[in-house]
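The block underneath contains the structure these notes are about, expressed in structure tokens.
The values are calculated or read from the model by the stated rules, or taken from the named source; none is laboratory data. If you're wondering where the values come from, they're calculated on a predicted model, not measured in any experiment. Because the Cβ atoms are built from the backbone with ideal geometry, glycine has one as well, and the counts that use them run over all protein chains shown. Heavy atoms of the whole protein, side chains included, go into the accessibility calculation; ligands, DNA and RNA do not. Shrake-Rupley method; radii C 1.70, N 1.55, O 1.52, S 1.80 Å.
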Amino acid sequence: MVKPSKTGENDATQDGDGGMSEYYAAEGGHPGQEQLLTDRAVFTEAYAVIPKGTMRDITTSVLPGWEETRLWVIARPLSGFAETFSHYLMEVSPGGGSDRPEPDPGAEAVLFVVAGEGVLSLGGDHALRPGSYAYVPAGATWRLRQAGEGAFKFHWIRKAYEAVEDLDNPDPLVLHEGDVAPTPMPGTEGRWATTRFVDPADLAHDMHVTIVTLQPGAVIPFPETHVMEHGLYVLQGKAVYRLNQDWMEVEAGDYMWLRAFCPQACYAGGPGPFRYLLYKDVNRHAVLPRRGGGAL
């Protein structure tokens, strides 16, 4: 029987500038019968917003091969919508984990820890804590176990790896956000910065998972409109996000799922930083359909 979490809904770690960064972690539970039904959940042809209030016990799943574990599936490939990735919010109770976590040998993964402690066995044992980032290459042998007290909570982003002739597959990687200096966006004086865990110029990688930080009042000052799909999980703070033709208020614990070419921009609302975990697919040719169906 999976045990409910006993950890707080936020955990904290030192950020790259020596300050404290909080990571929101879903709690589950159920709202009371007296609560209104009104919420901010939206699903359109261009984007979806999944508010933190939808991450309830009734929307969890369990996975084969995982013990004392539940999860929220917040993105999966859908025909005609986002198509390249899945995104899970994992919650592993004491004594839980998996010795065979990934059934698909072609799937690569990024893990990002938001609460509790765990041990990742991937070419050796690695202690994971809030702010830990791990890249798991396709075909790697790995295992993951909860450690310490309380639930171990992490993001698990999966993608089918697209190998390229004459390019070696990426190596495993285990880092911590506090050890990676954010890269400021040009002309923003550091008010908008991105924490990049892999080199953007490394063509072996076909997906990037980064952390974007906007200081209070900072903006993405134009509607980004591009081929990359996005999954954006708000780790901290609040903002007003422009999605297609709509303005949406979002806060820590909310998730945005953006189809390719969905226009997007935002204002960070304060009083603290607005930070989100960002997935995008990169560095590969577009797949071209053959006449009569199929792909090249």
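Key figures
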| item | result |
| --- | --- |
| Segment S61-A163, length gained on full extension (0.36 nm per residue, minus Cα span) | 33.7 nm |
| DSSP bridge pairs, the chain: antiparallel proportion in percent, nearest 5 | 100 |
| Local electrostatic count at D171 - Lys and Arg +1, Asp and Glu -1, tallied over other residues with Cβ under 14 Å | -4 |
| Rounded if a/c under 1.5, otherwise prolate or oblate - the range 34-117, Cα gyration tensor axes | oblate |
| Local electrostatic count at A268 - Lys and Arg +1, Asp and Glu -1, tallied over other residues with Cβ under 11 Å | +3 |
| Length added when fully stretched, V227-A46, from 0.36 nm per residue minus Cα-Cα | 63.9 nm |
| Distance between the range 264-280 and the range 145-161 - C-alpha centres, whole angstrom | 23 |
| Rounded if a/c under 1.5, otherwise prolate or oblate - the chain, Cα gyration tensor axes | rounded |
| Heavy-atom SASA rank of I50, I211 (probe 1.4 Å, accessible area, largest first) | I50, I211 |
| Cβ-defined net charge surrounding E162, 12 Å radius [Lys, Arg +1; Asp, Glu -1] | -2 |
| Modelled label reach - L203, point 7 Å along Cα→Cβ, the range 276-291 residues with backbone N closer than 13 Å | 283-285 |
| Per residue accessible area of the range 149-220, 1.4 Å probe, in Å² | 48 |
